[in-house]
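Worksheet: the structure to be examined is printed underneath.
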């Protein structure tokens, strides 16, 4: 199926979720996760009107950058090794996986402008997932105050892969509650306006619980062709 047709279906689901939650669909940034598809498929997404593209490896981002350049808004959504920051720092608008000071130091050192970062929180506390605990996240964000090239735009989490709606809602709700706590500090360097949560299997639930960014790969760009 063409990306444009899939996009129409996704937009309808976003609209329905927003209606249930009494939210404006314009609040939702749809990020097409292009990590498993070709540059041609990513270009198809761009041509369909999806301007936010997400990659989780520097090699994938650089390969697509060679063709698409800065036409999309690039989001780095995967675990970012400190030594690879220099490869992508001048190409991305958002980094969704800030989870340690060594990475913050490297981003701050390499960046020539403010980089919008999302602090990754492992709300579900699964050993297989990266990220800080909710308790660690507030202290970590406070420690980012000296880094003039980092703005904490929000929080990111990955929910457990499950069909249990209550488990998913609990995960997303806890991230929203953490956002509320951080916003109460009124930190200029950490407005924390974005919540990056929800993927192909659970994005409507994430929207109902407060997501402002949803990261959709399979359901949107899927397989090439």
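Quick notes on this structure:
- Qualifying residue in the stretch 73-82 (condition: at pLDDT 95 or above, assigned to a helix (DSSP H, G or I) and surrounded by 15 or more Cβ atoms within 10 Å (Cβ to Cβ)): no
- Any hit, the stretch 102-115, residues being closer than 20 Å to residue 199 by Cα and touching a helix residue (DSSP H, G or I) at 6+ places or on another chain (Cβ under 9 Å): no
- Against the criterion of being without any contact (Cβ under 8 Å) to a residue 60 or more places away in the chain, under 21 Å from residue 222 (Cβ atoms) and either out of contact with any strand residue (DSSP E or B) (no Cβ under 9 Å at 6 or more places or on another chain) or not in a helix (DSSP H, G or I) (or both), residue 40 does not qualify.
Table: residues versus (1) outside any loop (DSSP other than H, G, I, E, B); (2) more than 30 Å from residue 12 (Cβ to Cβ).
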| position | (1), (2) |
| --- | --- |
| 109 | yes, yes |
| 127 | no, yes |
| 146 | no, yes |
| 163 | no, no |
| 171 | yes, no |
| 186 | no, yes |
| 190 | no, yes |
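- Considered as a group, the residues in the stretch 103-115 that are touching a strand residue (DSSP E or B) at 6+ places or on another chain (Cβ under 9 Å) and free of Cβ contacts under 8 Å to residues at least 40 places away in the same chain include one that is surrounded by the most Cβ atoms within 10 Å (Cβ to Cβ), and that residue is 115.
- Some residue of the stretch 156-167 being surrounded by fewer than 19 Cβ atoms within 10 Å (Cβ to Cβ), within 27 Å of residue 32 (Cα to Cα) and touching a strand residue (DSSP E or B) at 6+ places or on another chain (Cβ under 7 Å): no
- When the stretch 198-225 is filtered for residues that are in contact with a strand residue (DSSP E or B) (Cβ under 7 Å, 6 or more places away or on another chain), buried (at least 22 other Cβ atoms within 10 Å of the Cβ) and not in a helix (DSSP H, G or I), the ones remaining, listed by number, are 198, 211, 213, 214, 215, 216, 220, 221.
- Odd one out for residue 172 among (1) closer than 19 Å to residue 95 by Cα; (2) without any contact (Cβ under 8 Å) to a residue 60 or more places away in the chain; (3) crowded, with 22+ Cβ neighbours inside 10 Å; (4) under 16 Å from the mean Cα position of the chain (by Cα): (1)
- So residue 180, is it closer than 20 Å to residue 23 by Cα and surrounded by 20 or more Cβ atoms within 10 Å (Cβ to Cβ): no
The values are calculated or read from the model by the stated rules, or taken from the named source; none is laboratory data. Just so you know, these numbers come straight off a predicted model, no measurement behind them. Note: ideal-geometry Cβ built from the backbone for every residue, glycine included; neighbour counts use all protein chains shown.
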